[in-house]
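To start, the structure under review is shown below, and the notes come after it.
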Amino acid sequence: MLAQIKQMGFAEIYRRFGTILIFAGIFIGASLLNETFLTTGNLTNVFRQVVVVSLLACGVTFIIILGHIDVSLGSVVALTGTIAASVMSLTGNLPLALAAGIGTGIVTGLINGWVITYFKIPSFIMTLAMTTVARGAILLYTAGVPVSGLGEDFKLIGQGNIGPVPISVLILIAVVIVAYVLLNRTKFGRHLYAVGGNPKAALASGINTDSVVRRAFIFNGILAAIAGIVLMSRVNSGQPAAGVAYEFDAITAVVVGGTSLMGGTGTITGTIIGSMIIGVINNILNLMNVSSYWQQIVKGVIIAVAVILDVKTKSAGAGKKV
């Protein structure tokens, strides 16, 4: 094994083990920098905090594998989560509230996917438009006032436990399993990679590329809705101003996890490790009372470095093939 690793170049080592090595280094560094980091209470808090970003990251992994992008996630989180909270407050019916939130997520994903494929416009532009529409719609609906009176049933989703394990973490585990199966065990997953790797070749081979893109955006919308419901449950109110910049953390987690912004490659396992990296970084910076302004700079540097490494390792791999 060691002999094989010695024979690998940096590009190959990074492709295979880079995300795990980065996570291990950051985790060890965090535990050395602050003695509170390794406490049970803090680690449980880290897991709770990464759930929402991880749910979003799982969904946007599908989008980025296709070579697209979704910058509307934060606004969709606010829209879907607050709609669910509002229905819960009005009816006290948890299944109806969940259906309303997830149904709204499906609609936003369907609109994004349909407009992108039908009018052939860049996904960045469409989802940027959805950012404004979704945020404006929920602020108009609530008049900017948080929704309260959600009851204990709704609160359990984000704050409850089954034994020592938070319910929100169990929800994430279920979503990760579904996303993994979709990507690795279904025709849809194979088509997703094919379209992301070479859309023209995929179309020529008989794949309905527009359908693949639409289904990916619908799935992404569903996960954004689940993330919104978990977030609103955690704060026990519907917050129409919530979710700001969540899309940035999700995309950062996906890219750090090894999914290429150029499309065609990526894994759910890498995305979850990427989410944990972002979660640990956020946590240790908070424990050390680092200014939120510096935290933004750190995240920006991380995503820039991750993209540079992605480009360099791909170039090195291409050079070897030639």
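Rule-based calculations on the coordinates, nothing more; no lab input. The structure presented is a predicted model; accordingly, all values stated were derived computationally and were not measured. As a convention, Cβ positions derive from the backbone with ideal geometry for all residues, glycine included, and neighbour counts pool all protein chains shown.
The helix-only estimate of mean residue ellipticity at 222 nm for the chain, built from DSSP H runs of length n ≥ 4 each weighted as -39500 (n - 2.57), is -26500 deg cm²/dmol after division by the residue total.
Entry note, segment 131-252: relative contact order of 40 percent, from Cα contacts under 8 Å with a spacing of 6+ residues. Near A57: Cβ cut-off under 12 Å, other residues only, Lys/Arg at +1 and Asp/Glu at -1. The net charge is -3. Sorting 78-85, 33-40 by average packing, meaning the other beta carbons within 10 Å per residue, from highest down gives 78-85, 33-40. Identify, among N208, I83, I157, the residue whose Cα sits farthest towards the positive end of the charge dipole of the chain, taking +1 on the Cβ of Lys and Arg and -1 on the Cβ of Asp and Glu, with the dipole about the Cα centre. The listed residue farthest towards the positive side: N208. What you get for segment 156-310, charging only the Cβ of Lys and Arg (+1) and of Asp and Glu (-1), is a dipole of about 400 debye around the Cα centre. Computed from label points 7 Å out along Cα-Cβ, the spacing between L38 and L21 is 2.4 nm.
Which FRET efficiency value, to the nearest 0.05, do you get for A174 and T269 by plugging their Cβ-Cβ distance into 1/(1 + (r/R0)^6) with R0 = 22 Å?
Working: r = 16 Å, r/R0 = 0.71.
E(calc), rounded to 0.05, equals 0.90.
For the chain, the convex hull drawn through the C-alpha positions has a volume of 152 cubic angstrom per residue.
Close amide H partners of N161, meaning residues 5 or more places away or on another chain with modelled amide H under 5 Å apart, are I167.
Multiply the residue gap between T209 and N289 by 0.36 nm, knock off their C-alpha separation, and tell me the result in nm, one decimal place. Numbers along the way, then the final one.
Numbers: separation 80, 0.36 × 80 = 28.80 nm, distance 4.73 nm.
Additional length available on full extension: 24.1 nm.
Of the candidates G238, G59, G136, which one comes out as most mobile in a Gaussian network treatment of the chain with C-alpha springs shorter than 10 Å? Highest fluctuation among the options: G136. For the chain, set up a Gaussian network in which alpha carbons nearer than 10 Å are linked by springs, and say which option among G300, G266, G163 fluctuates the most. Fluctuation is largest for G163. Dipole magnitude for the chain: computed about the Cα centre from +1 point charges on Lys and Arg Cβ and -1 point charges on Asp and Glu Cβ, it is near 1000 debye. Distance between the modelled labels on I28 and I162, one decimal in nanometres: 3.6 nm (7 Å Cα→Cβ projection). Amide H contacts for G238 (H built 1.01 Å from N in the peptide plane; partners 5 or more residues away or on another chain; cut-off under 5 Å): V147, S148. Per-residue Karplus couplings for segment 259-267, computed as 6.51 cos²θ - 1.76 cosθ + 1.60 with θ equal to phi - 60°, are listed in order as 7, 7, 5, 7, x, x, 9, x, 9 Hz, Gly and Pro entered as x.
Stretched out straight at 0.36 nm per residue, the stretch from K312 to L140 would grow longer than its current Cα-Cα span by 57.4 nm. The relative contact order of segment 184-322 comes to 20 percent, based on Cα pairs under 8 Å that sit 6 or more residues apart. Considering only I28, I138, I273, the mean-square fluctuation computed in a Gaussian network model of the chain, springs between alpha carbons under 10 angstrom, is largest for I28.
The phi torsions of segment 158-163, fed into the Karplus equation with coefficients 6.51, -1.76 and 1.60 and a -60° offset, translate into couplings of x, 10, x, 10, 10, x Hz, rounded to whole numbers, with Gly and Pro shown as x.
Residues with beta-carbon under 14 Å from that of P166, excluding P166: net charge, scoring Lys, Arg +1 and Asp, Glu -1? It would help to have the intermediate numbers written out before the result.
Values: positive: R48, K155, R234; negative: none.
Within the 14 Å Cβ shell, the charges total +3.
Were the residues from F188 through N93 laid out at 0.36 nm apart, the gain over their Cα-Cα distance would be 30.8 nm. Relative contact order of the chain, taken over Cα pairs closer than 8 Å and 6 or more residues apart, is 33 percent.
In this simple spin-label model, placing a label point 7 Å from the Cα along the Cα-to-Cβ direction at both F124 and I297 gives a separation of 2.5 nm.
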